[in-house]
Amino acid sequence: MECVVFIGIQASGKTEFYKQNFFKTHVRISLDMLRTRHRESVLLNACLEAKQPFVVDNTNPTAGERGKYIAAARKEQFKIIGYYFQANIKGALERNENRSGTEHLPSVAILGTHKKLELPSIKEGFDELKYVRIEEGFTFTVEDYNEI
């Protein structure tokens, strides 16, 4: 049983990383897809009850936002792994420009998330923390996260 929490600004590669690494093994919980907190809660609770591995594919910029997933997963004895995606504003804005339709966001949304982004800490309740760097062509480098 595994709960994976993504942390990062929009257009930092989180969903593509999910597709490459977790699509076949973990349910994706995403407000982009579910649209409401109620639907998100229903799916989260279903995963917890069924002991189904899941990924929270949201920006989760603050410890408070991450905390609700961590607390719920901890209560059900899930292993909790955080993946912090490099907060590269220039790269995110460039990737956002290549998006279309509802995936394309106003630049101010990305800048606003970056402004409130809090670096994660193992003290939040993670069993493991990883650092993800996006490379050319949506390839990713994953390392253990080193807290400052």
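The values are calculated or read from the model by the stated rules, or taken from the named source; none is laboratory data. In this text the structure is predicted, and so the values were computed from the model without any measurement. When we count neighbours, we look across all protein chains shown, and the Cβ atoms used for this are built from the backbone with ideal geometry, even at glycine.
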Listed by first then second residue, the pairs whose first member lies in the range 1-27 and is part of a strand (DSSP E or B), whose partner is among the acidic types (D, E), with beta carbons under 8 Å and at least 6 positions apart or on separate chains, are F6/D57
Among strands (runs of 3 or more DSSP E) entirely within the range 49-140, at least 2 residues that are at pLDDT 95 or above and of a type in the set (S, T, Y) occur in 79-85
Among I29, I7, the single one that is under 18 Å from N88 (Cβ atoms) and either hydrophobic (A, V, I, L, M, F, W, C) or under 14 Å from the mean Cα position of the chain (by Cα) (or both) is I7
Item to complete: Tell me, yes or no, whether the range 24-35 has at least one residue that is out of contact with any Phe, Trp or Tyr (no Cβ under 8 Å at 6 or more places or on another chain), closer than 17 Å to A73 by Cβ, exposed (fewer than 14 other Cβ atoms within 10 Å of the Cβ) and modelled with pLDDT of 95 or more.
Response: yes
